[in-house]
Amino acid sequence: PPQIKQLQNLKILNLSHNAITELPPEIFELKNLKTLNLSHNKISNISIDIQKLKSLNQLILSNNEISSIPNEINQLSSVTQIDLSNNRIQNLPDNIGDGLESCEEINANNNVIVHVPASIAKMPRLKNLKLNNNSIVDFPNEILSDSTVCFIEIENNVLPEDKFRSLDGYEKVNIVKEEKEELTNL
């Protein structure tokens, strides 16, 4: 409702489990908002106005119908946690790591992500990167060698055998290669 913009001192907004289909534009006027939980809704698009939430620490968009993330998400310089799990996201923005100076965790499990942007290696505080159950075919070496990431989950993806082997030796990477066997006639 439009009246929500009058709550300028609001710190936590939990609108989870509400069948919301789009973000009300008034949310982006809540300049002191620290936590925004929009999980378990029917949201398909995130407005570029997300960048206006400069005080946001926690962004929870899990269990929606989101297929893409706007480039402007990288302007959330105060955010420490982003949960994008259980959506339909195909790609993370190439520039995602060019901002997000405070981000410590990204959870993008259970999407259809194919490529992981190398810019993630530029995130100075990122510790946990969760990418399980996607369609990832390549993983940038920069994230392994040039980043602060301590723990990477990349189980159940479609990494080619050579890339899988190159990741396997890193302590910070938790990988389970899904082996699929064809059943033959008994």
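The values are calculated or read from the model by the stated rules, or taken from the named source; none is laboratory data. The structure presented is a predicted model; accordingly, all values stated were derived computationally and were not measured. FYI the Cβ positions are ideal-geometry reconstructions off the backbone, even for glycines, and counts take in every protein chain you see.
Any chance segment 91-111 includes a residue that's surrounded by fewer than 22 Cβ atoms within 10 Å (Cβ to Cβ), farther than 22 Å from N18 by Cβ, of a type in the set (G, A, S) and touching a strand residue (DSSP E or B) at 6+ places or on another chain (Cβ under 9 Å)? Looking for residues that are surrounded by fewer than 22 Cβ atoms within 10 Å (Cβ to Cβ), farther than 22 Å from N18 by Cβ, of a type in the set (G, A, S) and touching a strand residue (DSSP E or B) at 6+ places or on another chain (Cβ under 9 Å), one finds none in segment 91-111, hence no. With respect to the conditions (1) surrounded by fewer than 17 Cβ atoms within 10 Å (Cβ to Cβ); (2) closer than 22 Å to I143 by Cβ; (3) in contact (Cβ under 8 Å) with a residue 24 or more places away in the chain, S68 falls short on a single one, namely (3). Taking segment 116-151 as the range and being farther than 19 Å from D162 by Cα and in a helix (DSSP H, G or I) as the test, the residues that pass are S119, I120, A121, K122.
For segment 69-111, filtered to residues that are in a helix (DSSP H, G or I) and of a type in the set (S, T, N, Q), the residue that is farthest from N133 (Cα to Cα) is Q75. Scanning segment 1-41 for residues that are assigned to a helix (DSSP H, G or I) and not acidic (D, E) gives P2, Q3, I4, K5, Q6, P25, I27, F28. The single residue among I96, I175, I82, I113 that is touching an Asp or Glu at 6+ places or on another chain (Cβ under 9 Å) and at pLDDT 95 or above turns out to be I82. Scanning segment 1-37 for residues that are of a type in the set (V, I, T) and either surrounded by fewer than 12 Cβ atoms within 10 Å (Cβ to Cβ) or over 22 Å from the mean Cα position of the chain (by Cα) (or both), we see that the one that is nearest to L53 (Cα to Cα) is I12. Within the option set R165, R125, being exposed (fewer than 15 other Cβ atoms within 10 Å of the Cβ), basic (K, R) and modelled with pLDDT of 90 or more holds for one residue only, R125.
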